[in-house]
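Below is one structure, written out as C-alpha cells; comments come after it.
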Amino acid sequence: MVATAISAEEAVAEFEGTLRGALLRPSDERYDEGRTVWNATIDKHPALIVKCAGTADVISAVAFAKEHSYPISVKGGGHNIAGRAVEDDALMIDLSPMNAIRVDSDAKTARVEPGVVLNELDHETQAFGLATPVGYNSTTGVAGLTLGGGFGWISRKYGMTVDNLISADVVTAEGELVHASETENEDLFWGLRGGGGNFGIVTSFEFELHDVGPTVLSGPIVHPFEDTATVLAEYRTFAADAPRDATAWFVIRHAPPLPFIPEEWHGRKVLILAAFYAGEMSEGEAVLRPLRDIGDPIADAVGPHPYAGWQQAFDGLAETGLRNYWKSHNFVEMTDEMIDNFVEYGEKIPSEGTEIACAQLGGAINDVPVEATAYPHRDAEFTMNLHTQWEDPEQDDECIAWARDMHEAMTPHATGGVYTNFVPEEVGDQQAAYRENYDRMVEVKNEWDPENLFRLNHNVEPTK
C-alpha cells in the first residue's frame, strides 16, 4: 500500500512537471477558490485541478486522466447551472487562464480561447464596432454558452452563437488536437454546435462578427405586477409583428434598487419589459414606440446605450455565490393560459432574487434547418427560464418546489424541448435537450468518444 501511494504521488509530481500552468491539490491554498463555481449549491471536491496555460496543458491533462482513470470535468467560465465544471474525485481541467482574443476587423472574425467570458469578448470586438451573438449575462463563459447553442439580444437578426461559429480547435478523447469546420471533420463540427462538451475540449473558437453598435437603442420598461395580464397580452401582439432588429424580453421579479426605478417600488413585484433594437436608432424609436406605449409604466429607461454596457445590464441580478435552481421550457406562441400562469406563479415567487424570465427568439434563429447543427430548437419563439435564486440553504426545498411546480404547469403549452444550458440537474433531459438530433449525436459520440471519456456533461452515451 505504501509503495502504491508513493507511486501515485510521484506520478502526479511528474505530471505537474509537464505543465506550463498550475496544478492544484486539495491541500493547496488556492484549491477552494479553484473548485468554486457560480452556483453556490454546487460543493464538489475534485482530486486535482489543472489550470491550463495553453493547449499543450489540455493535451497532457487528458492523457494523464486516461492513464490514471480519473473522470474529467471541464471548466470554462464556471457558470453552468448544473455545475458540471466540477466533480468529486475528478481531474478538473480549468480553461479559465486561456483567455486570449484576436479580432480580425477586416475579415470580421474573432479567434477566442475557451477561458474568455462574454464581457471580455464584447470589449475586444466593440473596439471595432463588431459583435457576435452571445448571452445576456456577461460573466458567462464563451465556451459553455457556445457549445450549448448560445443566444442573446442580436440573435433574432444574426442567429445563435453556434450559427456564427466558423471553426474550432478540439482536443479529442485520444489526446489529439484536430480542427473542425464545415470542410474539415464536419461531423465533429456539427456536434460541437449545440452538443455541449460531449465530443472533446475546445481550445479555440473562431466566430463570425457583425456590425453592431457601439451605441444601440435599448432599455427596461417597468410595470406594476398587477398589470401583468394586460401588459403581456399587448406584448404578445408586439412580439408577433416585431422586425428582426427588435427584441423584447420580459421578467417578473421583485424590483431591484436601480436608480431609474422610483424608490417606493424597490423590493415590490414588477413586470419588466427589456427592449432592444439592433438597427438604426431613428428606426428603432418608431419600432419600439408601441411597446413603450403599453399600459402605464412605472419607469421607462429606453434610450441610447453602449452595446457592451447593455450586455452587462443584468449582471447584478445573477451574482456569483448565491444558490440557484432553474427550470425551462420553449414555446411556439404565448397563450392566454400561459399568461394566467405567469400571473399565478408570479404572485408566489419564493425569494427576492427569483425571477420568471422569458426571452424572445425566432427570426434568424429559426431560418436554420433543424438538422444543420446539433442545436435542434428551431421552432421556438420564446424560451422561459425560471431562475430561482436565494441565499439560505433552508430555502432550498421551497425554491426548488416552486420552480418545478410552475414548470409542470407550463408543460402543456411547451414544445417538449429544453435549452441544454438551462438544465439544472446533472443528468436527465438529454432527449428534451437534443430532440430530433439525438440519434445523430450518438453516431458522432461513437466516432469521437466511444469510451465516453467526456461524460460529465448533459451526456450522450455511445453505443460502442
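The values are calculated or read from the model by the stated rules, or taken from the named source; none is laboratory data. Everything numeric here is computed off the predicted structure, so don't read it as measured data. Note: ideal-geometry Cβ built from the backbone for every residue, glycine included; neighbour counts use all protein chains shown. Just so you know, the surface numbers come from the protein's heavy atoms only, side chains and all, with ligands and any DNA or RNA stripped out. Shrake-Rupley method; radii C 1.70, N 1.55, O 1.52, S 1.80 Å.
Keeping to the stretch 68-85, report how many residues are touching a residue at least 12 places away in the same chain (Cβ under 8 Å) and farther than 29 Å from Glu319 by Cβ. Spell out how you get there, then give the answer.
Within the stretch 68-85, the first condition is being touching a residue at least 12 places away in the same chain (Cβ under 8 Å), and the residues that meet it are 68, 70-85.
Remaining after also requiring farther than 29 Å from Glu319 by Cβ: 68, 70-71.
Residues in the stretch 68-85 being touching a residue at least 12 places away in the same chain (Cβ under 8 Å) and farther than 29 Å from Glu319 by Cβ: 3 in total.
Quick check on my filter: what residues within the stretch 256-275 are at pLDDT below 95 and touching a helix residue (DSSP H, G or I) at 6+ places or on another chain (Cβ under 7 Å)?
Correct list: Pro256 only.
Out of Gly115, Gly76, Gly83, report the one residue that is under 30 Å from Leu322 (Cα atoms), out of contact with any strand residue (DSSP E or B) (no Cβ under 8 Å at 6 or more places or on another chain) and open to solvent by less than 30 Å² (accessible area, probe 1.4 Å). Step through it out loud before you land on a result.
On the way: Gly115 fails: out of contact with any strand residue (DSSP E or B) (no Cβ under 8 Å at 6 or more places or on another chain); Gly76 fails: out of contact with any strand residue (DSSP E or B) (no Cβ under 8 Å at 6 or more places or on another chain).
From the options Gly115, Gly76, Gly83, the qualifying one is Gly83.
Specify the residue that is nearest to Val343 (Cα to Cα); the eligible residues are those in the stretch 248-262 that are part of a strand (DSSP E or B) and touching a Gly at 6+ places or on another chain (Cβ under 7 Å).
So the residue we want is Ile252.
Which residues, taken from the stretch 32-53, are within 15 Å of Ser96 (Cα to Cα), out of contact with any His (no Cβ under 8 Å at 6 or more places or on another chain) and open to solvent by 10 Å² or more (accessible area, probe 1.4 Å)?
The initial filter retains those residues of the stretch 32-53 that are within 15 Å of Ser96 (Cα to Cα), namely 33-38, 49-53.
This time we only want the ones that are out of contact with any His (no Cβ under 8 Å at 6 or more places or on another chain), so: 33-34, 36, 49-53.
Those that are within 15 Å of Ser96 (Cα to Cα), out of contact with any His (no Cβ under 8 Å at 6 or more places or on another chain) and open to solvent by 10 Å² or more (accessible area, probe 1.4 Å): Glu33, Thr36, Lys51, Ala53.
Collect the residues in the stretch 417-432 that are without any contact (Cβ under 8 Å) to a residue 40 or more places away in the chain and not acidic (Asp, Glu), keeping them in residue-number order. First the steps, then the outcome.
If we filter the stretch 417-432 for residues that are without any contact (Cβ under 8 Å) to a residue 40 or more places away in the chain, which is where we start, we get 427-432.
Matches in the stretch 417-432: Val427, Gly428, Gln430, Gln431, Ala432.
Going residue by residue through the stretch 343-365, is there one that turns out to be of a type in the set (Asp, Glu), surrounded by fewer than 19 Cβ atoms within 10 Å (Cβ to Cβ) and over 29 Å from Gly417 (Cβ atoms)?
Scanning the stretch 343-365, I find at least one residue that is of a type in the set (Asp, Glu), surrounded by fewer than 19 Cβ atoms within 10 Å (Cβ to Cβ) and over 29 Å from Gly417 (Cβ atoms), so the answer is yes.
If we scan the stretch 429-444, do we find a residue that is of a type in the set (Ser, Thr, Tyr), over 24 Å from Tyr136 (Cβ atoms) and open to solvent by 70 Å² or more (accessible area, probe 1.4 Å)? Show your work before the answer.
Filtering the stretch 429-444 down to residues of a type in the set (Ser, Thr, Tyr) leaves 434, 438.
Right, trim to over 24 Å from Tyr136 (Cβ atoms) and you get 438.
Going one step further and asking which of them are open to solvent by 70 Å² or more (accessible area, probe 1.4 Å), we end up with none.
The answer is no, given that none of the residues of the stretch 429-444 is of a type in the set (Ser, Thr, Tyr), over 24 Å from Tyr136 (Cβ atoms) and open to solvent by 70 Å² or more (accessible area, probe 1.4 Å).
If you take the residues of the stretch 393-407 that are open to solvent by 60 Å² or more (accessible area, probe 1.4 Å) and free of Cβ contacts under 8 Å to residues at least 60 places away in the same chain, which of them is farthest from Glu186 (Cα to Cα)? Lay out the reasoning, then the answer.
Within the stretch 393-407, the subset open to solvent by 60 Å² or more (accessible area, probe 1.4 Å) is 393-394, 397-398, 404-405.
Checking which are free of Cβ contacts under 8 Å to residues at least 60 places away in the same chain leaves us with 394, 397-398.
Numbers: Glu394: 48, Asp397: 44, Glu398: 46 Å.
If we take residues in the stretch 393-407 being open to solvent by 60 Å² or more (accessible area, probe 1.4 Å) and free of Cβ contacts under 8 Å to residues at least 60 places away in the same chain, then Glu394 is farthest from Glu186 (Cα to Cα).
For the stretch 202-247, which positions are among the aliphatic types (A, V, I, L, M), closer than 29 Å to Phe128 by Cα and in a strand (DSSP E or B)?
At the first step, the residues of the stretch 202-247 found to be among the aliphatic types (A, V, I, L, M) are 202, 209, 212, 216-217, 221-222, 229, 231-233, 239-240, 242, 246.
With the extra rule that they be closer than 29 Å to Phe128 by Cα, the set shrinks to 202, 209, 212, 216-217, 242, 246.
Within the stretch 202-247, Val202, Val216, Leu217, Ala246 qualify.
If you check Phe250 against the conditions, is it among the aromatic types (Phe, Trp, Tyr) and open to solvent by 20 Å² or more (accessible area, probe 1.4 Å)? Outline the logic, then answer.
Working: among the aromatic types (Phe, Trp, Tyr): yes; open to solvent by 20 Å² or more (accessible area, probe 1.4 Å): no.
Criteria not met by Phe250.
Show me the helices (runs of 4 or more DSSP H) found entirely inside the stretch 102-182 where at least 2 residues are of a type in the set (Asp, Glu).
Numbers: elements: 118-125, 142-148, 155-158.
Result: 118-125.
Find the residue count for the stretch 133-178, including only residues that are β-branched (Val, Ile, Thr), under 19 Å from Gly362 (Cα atoms) and more than 13 Å from the chain's Cα centre (by Cα). Can you show your working first?
Initial filter on the stretch 133-178 (β-branched (Val, Ile, Thr)): 134, 139-140, 142, 146, 154, 161-162, 166, 170-172, 178.
Imposing the further condition that a residue be under 19 Å from Gly362 (Cα atoms) reduces the set to 134, 146, 154, 161-162.
The next check asks that each one be more than 13 Å from the chain's Cα centre (by Cα); those that pass are 154.
Total meeting the criteria: 1.
Could you list all residues from the stretch 276-308 that are modelled with pLDDT of 95 or more, of a type outside the set (A, V, I, L, M), part of a helix (DSSP H, G or I) and open to solvent by 10 Å² or more (accessible area, probe 1.4 Å)?
Glu283, Glu285, Arg289, Pro290, Arg292
Only residues in the stretch 265-293 that are touching a residue at least 40 places away in the same chain (Cβ under 8 Å) count as the first member; pair them with residues that are of a type in the set (D, E, K, R) and surrounded by fewer than 16 Cβ atoms within 10 Å (Cβ to Cβ), Cβ under 7 angstrom, at least 6 apart or cross-chain, and list the lot.
Between residues of the stretch 265-293 that are touching a residue at least 40 places away in the same chain (Cβ under 8 Å) and residues that are of a type in the set (D, E, K, R) and surrounded by fewer than 16 Cβ atoms within 10 Å (Cβ to Cβ), the close pairs are Gly267/Glu352.
Taking the conditions exactly as written (open to solvent by less than 10 Å² (accessible area, probe 1.4 Å), touching a strand residue (DSSP E or B) at 6+ places or on another chain (Cβ under 8 Å) and farther than 29 Å from Gly309 by Cβ), does Gly191 satisfy them or not?
no
Which of the residues that make up the stretch 200-241 are in contact with a helix residue (DSSP H, G or I) (Cβ under 7 Å, 6 or more places away or on another chain) and among the small types (Gly, Ala, Ser)?
Correct list: Gly200, Gly213, Ser218, Ala229, Ala233.
In the stretch 100-111, is there at least one residue being under 26 Å from Tyr434 (Cβ atoms), at pLDDT 95 or above and out of contact with any Pro (no Cβ under 8 Å at 6 or more places or on another chain)? So that I can check it myself, show each step before the final result.
First, pick out the residues of the stretch 100-111 that are under 26 Å from Tyr434 (Cβ atoms): none.
No; the residues of the stretch 100-111 include none that is under 26 Å from Tyr434 (Cβ atoms), at pLDDT 95 or above and out of contact with any Pro (no Cβ under 8 Å at 6 or more places or on another chain).
Write out, first by first residue and then by second, each pair whose Cβ atoms fall under 8 Å of each other, whose residues are 6+ apart or on separate chains, and whose first residue, in the stretch 328-341, is at pLDDT 95 or above and of a type in the set (Gly, Ala, Ser) while the second is in a strand (DSSP E or B) and surrounded by 15 or more Cβ atoms within 10 Å (Cβ to Cβ).
Ser328/Thr383; Ser328/Met384; Ser328/Asn385; Ser328/Leu386
Provide a single number: the residues in the stretch 311-326 that are loosely packed, with under 15 Cβ neighbours inside 10 Å, of a type outside the set (Asp, Glu) and assigned to a loop (DSSP other than H, G, I, E, B). Full working, then the answer.
From the stretch 311-326, those loosely packed, with under 15 Cβ neighbours inside 10 Å are 316, 319-321; that's our starting set.
Keeping just the survivors that are of a type outside the set (Asp, Glu) gives 316, 320-321.
Retained after the next criterion (residues that are assigned to a loop (DSSP other than H, G, I, E, B)): 320-321.
Qualifying residue count for the region: 2.
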